[in-house]
Each structure stands twice: as structure tokens, then as C-alpha cells.
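Asks: Handing you this structure, nothing more for now.
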Amino acid sequence: MALSEQFLDDDIHPIDIVEHIAEHHEWDFDRIADDQIAMAVEGQWRTYSLTLAWSGYDETLRMVCTFEMEPTEEKRAALYELLNLINDQCWAGSFTYWEEQKLMVYRYGLVLSGGQVASAEQIDTMIGAAVMSAERYYPALQLLIWGDRTPKDAIQVAIAEAYGRA
């Protein structure tokens, strides 16, 4: 059964869809409020914390995917340089570092203005893309922070996107 088959009603709340997706994938989640949900998604490198929140004000489904990262003070300038290189390769979403919380963050906003409704497949793809991006760039971040690599050297280990067919 497709993820969206049970969502034939256009009035379904986006966070209800996210909750259904979390249940479908058997992810741990917590419905923080009517408009917000937090969940843990296991990746190859680590477990990622995802929070999705619906803003009725600007009709946007906001997502943040976070993981802990504690670069030394000396590495911060290089970290920001690496984040610029990474974000140049990201077409949907972007990475930032929240220094106070010591969190690496991938964030994305799905604008659903004019009463648009996101499908379960669309939201599932959005979540999957966040985790895939975090997984792709995690080794580069680790090499920069703990392996004494330059940002240009570190970005080389990011799994390259495939073009064409084999």
C-alpha cells in the first residue's frame, strides 16, 4: 500500500502525515504539539534527530535534521568554509552550525501556500533527502574536525552523485 493511499482527504494536517510516516518506518517519535513532531532516524554513521513543524502563518512545513558536533575554536573558520562548499552542492536544503547548541543542522522548508497539500510520498522524500545529505557529508565534517584535513580535501570524501546509468 502506498504511503498516501489513506490520505484522500485534503484537510489532513501535514504533521499527521509525518506521524504516519514515522509509524510506517518504525522510527521513534514524539508529537510535541499539534503542529510539531520530533523523531530519531537511524543512519549508517549515527542517529539523526529530525523535527518537523507546520507554520500556518506562512504555510510552510519546516524540517531540521540535527546531529551533535563539537569543533574546536581553531577549526570553526575551516568548518564554515566547508559548509559553504557543501551548500554549493545542495540544491534542496542547506547546512548550518548552531554553535550554542553544538549542533550541525540540515534544514529545509516546504512551502505549501494557497492551500496546497503535501503528499505522504513528498514528505517521506523530504525526510529521506535530509538523512541522505547528512550521511553524505558526515565523513567530510569528521575529517575536517578530527582528521586535520582542509575543507577542499575533506569535501572530496563526500559520496559523489552518480550521473547516467551503469
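Asks: Going through segment 45-65 one residue at a time, which ones are out of contact with any Lys or Arg (no Cβ under 9 Å at 6 or more places or on another chain), without any contact (Cβ under 8 Å) to a residue 40 or more places away in the chain and either in a strand (DSSP E or B) or among the polar types (S, T, N, Q) (or both)?
Replies: So the first thing to find is which residues in segment 45-65 are out of contact with any Lys or Arg (no Cβ under 9 Å at 6 or more places or on another chain), and the list is 45-50, 56-61.
When the remaining residues are screened for being without any contact (Cβ under 8 Å) to a residue 40 or more places away in the chain, the result is 47, 49, 56-57.
Within segment 45-65, Thr47, Ser49 meet the criteria.
Asks: Shifting gears a bit: For segment 58-71, give me the residue count where each residue is loosely packed, with under 13 Cβ neighbours inside 10 Å and either under 20 Å from Met126 (Cβ atoms) or in contact with a Phe, Trp or Tyr (Cβ under 8 Å, 6 or more places away or on another chain) (or both).
Replies: Summing the residues that are loosely packed, with under 13 Cβ neighbours inside 10 Å and either under 20 Å from Met126 (Cβ atoms) or in contact with a Phe, Trp or Tyr (Cβ under 8 Å, 6 or more places away or on another chain) (or both) in segment 58-71 gives 1.
Residue-wise test of (1) among the hydroxyl-bearing types (Ser, Thr, Tyr); (2) over 14 Å from Val105 (Cβ atoms).
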residue: Thr47; (1), (2): yes, yes
residue: Tyr57; (1), (2): yes, yes
residue: Thr72; (1), (2): yes, yes
residue: Lys75; (1), (2): no, yes
residue: Tyr80; (1), (2): yes, no
residue: Asp88; (1), (2): no, yes
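Asks: Out of Glu121, Glu81, Glu74, which single residue is in contact (Cβ under 8 Å) with a residue 60 or more places away in the chain, open to solvent by 30 Å² or more (accessible area, probe 1.4 Å) and more than 30 Å from Ile37 (Cα to Cα)?
Replies: Step by step, each of Glu121, Glu81, Glu74 is checked, and only Glu81 is in contact (Cβ under 8 Å) with a residue 60 or more places away in the chain, open to solvent by 30 Å² or more (accessible area, probe 1.4 Å) and more than 30 Å from Ile37 (Cα to Cα).
Asks: Applying the selection to segment 124-154, what residues are hydroxyl-bearing (Ser, Thr, Tyr), open to solvent by 60 Å² or more (accessible area, probe 1.4 Å) and touching a helix residue (DSSP H, G or I) at 6+ places or on another chain (Cβ under 8 Å)? Outline the logic, then answer.
Replies: Within segment 124-154, the subset hydroxyl-bearing (Ser, Thr, Tyr) is 125, 133, 137-138, 150.
Next, from what is left, pick out any that are open to solvent by 60 Å² or more (accessible area, probe 1.4 Å): 125, 150.
Residue satisfying the conditions is Thr150 alone.
Asks: Got at least one residue in segment 12-19 being farther than 22 Å from Ser133 by Cα, free of Cβ contacts under 8 Å to residues at least 24 places away in the same chain and in a loop (DSSP other than H, G, I, E, B)?
Replies: no
The values are calculated or read from the model by the stated rules, or taken from the named source; none is laboratory data. Since this is a predicted model, take the numbers as computed values, not measurements. In this analysis, Cβ positions are derived from the backbone assuming ideal geometry, glycine residues included, and neighbour counts consider all displayed protein chains. Side chains are part of the model used for accessible areas, which takes the heavy atoms of the whole protein and leaves out ligands, DNA and RNA. Shrake-Rupley method; radii C 1.70, N 1.55, O 1.52, S 1.80 Å.
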